[in-house]
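Enquirer: Let me begin by handing over the structure; questions about it come next.
Bear in mind that the values in this text are calculations on the coordinates, not laboratory data. Since we're looking at a predicted model, the values are computed, not measured. Neighbour counts run over all protein chains shown; Cβ positions are idealised from the backbone, glycine included.
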Amino acid sequence: MPVAVEKPPWALIDTVLLDLDGTLLDLAFDNYFWREVIPAAYATSNSLSLDAARARLLPRFRACEGTLEWYSIEYWSRELELDAVTLKRAVADRVGWLPGAQQFLRCVRAAGKRLVLLTNAHPKVLQIKDERTAVTSFLDAAFSSHSFGVPKENATFWEAIREIEPFDHDRTLFVDDSPPVLQAAREAGIRWVYGVRLPSTATTGWASEPRDHGPFPAVDSIAELTPEGPHAAGSPGSQRPEALGPLRPLPRE
Ligand SMILES: [Mg+2]
């Protein structure tokens, strides 16, 4: 059984780096898309049964896990000869927040921290999800790893992000639901690294099983990390002015 973890020491944190899918937004959407929508479309276009389509796709998905291709909707559109962006748009009404994620973002912003999205989602997918949720309106900046040519699992990503989003490693919190990404963040020197155990609101089946984050402190939901009270704001010097600068534009592919 996982043990209860302490909240991050908010007074010692200036910057919060956040994953998107499975940390802020419900991974149930992505699971539905890749396990139901894509296999069904592939079955139709190749005159296969749904089971046969799944049997063909699963090993191809597995072979790419952790690579940038795995996260690229354009790669899969080419590979499977499907318009995956249009398919995704067609079911975008299923995109949704994880419980408590918006409140977490509001409280972190109220506490004066800088909020930065670091996602492996393709810019086109981020755009679709942003249209549904306005997630980037909660953030000071948003970056897709596709802009850097390497996923968050790769040390090169962390070197590249530091070039354009300078942060103090010792005063930065990073939250993600992917164990290899947490490991990469730790190896990049991020001081406060937390895992999300329940990236999906699924209540049955494999997707409802809590993720094991091994040595990393982990919470069921990012809501558990929400800062509370005046201590969360840190010293007056660390407060940001109330007016926020313009959002850094989303990277283009
Ligand atoms: Mg994730």
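Enquirer: What number of residues within the stretch 176-211 satisfy the criterion of being over 24 Å from Ser145 (Cα atoms) and in contact with a strand residue (DSSP E or B) (Cβ under 9 Å, 6 or more places away or on another chain)?
Expert: Residues of the stretch 176-211 over 24 Å from Ser145 (Cα atoms): 201-210.
This time we only want the ones that are in contact with a strand residue (DSSP E or B) (Cβ under 9 Å, 6 or more places away or on another chain), so: 210.
Residues that pass the stated criteria total 1.
Enquirer: Out of Val95, Val116, which single residue is within 16 Å of the ligand (Cβ to nearest atom) and closer than 24 Å to Val150 by Cα? Outline the logic, then answer.
Expert: On the way: Val95 fails: closer than 24 Å to Val150 by Cα.
It is Val116.
Enquirer: Ok, one more. Of the residues in the stretch 3-45, how many are free of Cβ contacts under 8 Å to residues at least 40 places away in the same chain and within 12 Å of the ligand (Cβ to nearest atom)?
Expert: 1
Enquirer: Out of all the residues in the stretch 153-160, is one or more part of a helix (DSSP H, G or I), without any contact (Cβ under 8 Å) to a residue 24 or more places away in the chain, crowded, with 17+ Cβ neighbours inside 10 Å and away from the ligand (no atom under 16 Å from the Cβ)?
Expert: Checked against the condition, which is being part of a helix (DSSP H, G or I), without any contact (Cβ under 8 Å) to a residue 24 or more places away in the chain, crowded, with 17+ Cβ neighbours inside 10 Å and away from the ligand (no atom under 16 Å from the Cβ), the stretch 153-160 yields at least one hit.
Enquirer: A further question on this structure: Sort out which residues of the stretch 170-190 are away from the ligand (no atom under 11 Å from the Cβ) and aliphatic (A, V, I, L, M), and write them in order of number.
Expert: If the condition is that a residue be away from the ligand (no atom under 11 Å from the Cβ) and aliphatic (A, V, I, L, M), then Leu173, Ala184, Ala185, Ala188, Ile190 are the ones that fit.
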